[in-house]
Every structure is written in C-alpha cells, then in structure tokens.
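To start, the structure itself, in structure tokens.
The values are calculated or read from the model by the stated rules, or taken from the named source; none is laboratory data. Here the structure is a predicted model, which means the values were calculated and not measured. Cβ placement follows ideal geometry from the backbone for every residue including glycine, while neighbour counts extend to all protein chains displayed. To get the accessible areas, we keep the full protein, side chains included, count just its heavy atoms, and leave off ligands, DNA and RNA. Shrake-Rupley method; radii C 1.70, N 1.55, O 1.52, S 1.80 Å.
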Amino acid sequence: MSCGCIKQSQERLSYDNIRKIAIKWAADQGKELFLYRNQNSTYGFMEIDCPEASQFNPIEFIHPVQGNPS
C-alpha cells in the first residue's frame, strides 16, 4: 500500500469511530449532532444548536433516531 492509501485508511477509520460514538451519544441524549473535520485531519461532533456550531463545516448530520433500533 502506498503512503497515501495508509493515510486515507487511517482517516476513514477515525471518521467511522467518531461517527459510531456520535450516533450512540445522540440516541442517549436525544440531541441532533453534526460531524466535522478539524484542520489536523481528525474528526469531532457537536450539537447543532451549540453556539460554536457556526464556526464548523458539517460533514454529516446525526439524528437521535439513528441509534435506536426499531
């Protein structure tokens, strides 16, 4: 694998892990979130009604019902 592939795989794994955590957190708290990417290629999540939310570019929105199996 080239260096680019390894870096891309690591970023995807980081994104997937943060996404899973965000889905569980949203379901537990009953809040709508969004995922965003930091400048250092890491990911995070935040409630959409958070005052700092306007400073970030959403990648994906997470709804509380995503974590509840029906």
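Say we look at region 1-23 and pick out the residues that are open to solvent by 80 Å² or more (accessible area, probe 1.4 Å) and more than 19 Å from PRO58 (Cβ to Cβ); which of these is modelled with the lowest pLDDT? Across region 1-23, the extreme among qualifying residues is MET1. Per the conditions (1) modelled with pLDDT of 95 or more; (2) part of a helix (DSSP H, G or I); (3) not basic (Lys, Arg), the sole criterion not satisfied by LEU35 is (2).
Quick check, is ALA22 within 8 Å of the chain's Cα centre (by Cα), part of a helix (DSSP H, G or I) and at negative phi? Answer is yes for this residue.
Results for (1) touching an Asp or Glu at 6+ places or on another chain (Cβ under 8 Å); (2) of a type in the set (S, T, N, Q); (3) not in a strand (DSSP E or B), shown as yes or no for each residue.
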| site | (1), (2), (3) |
| --- | --- |
| CYS5 | no, no, yes |
| LEU13 | no, no, yes |
| ASN17 | no, yes, yes |
| GLY44 | no, no, no |
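Taking the criterion of being charged (D, E, K, R) and either open to solvent by less than 70 Å² (accessible area, probe 1.4 Å) or touching a Lys or Arg at 6+ places or on another chain (Cβ under 6 Å) (or both), the only residue of region 48-68 that qualifies is GLU60.
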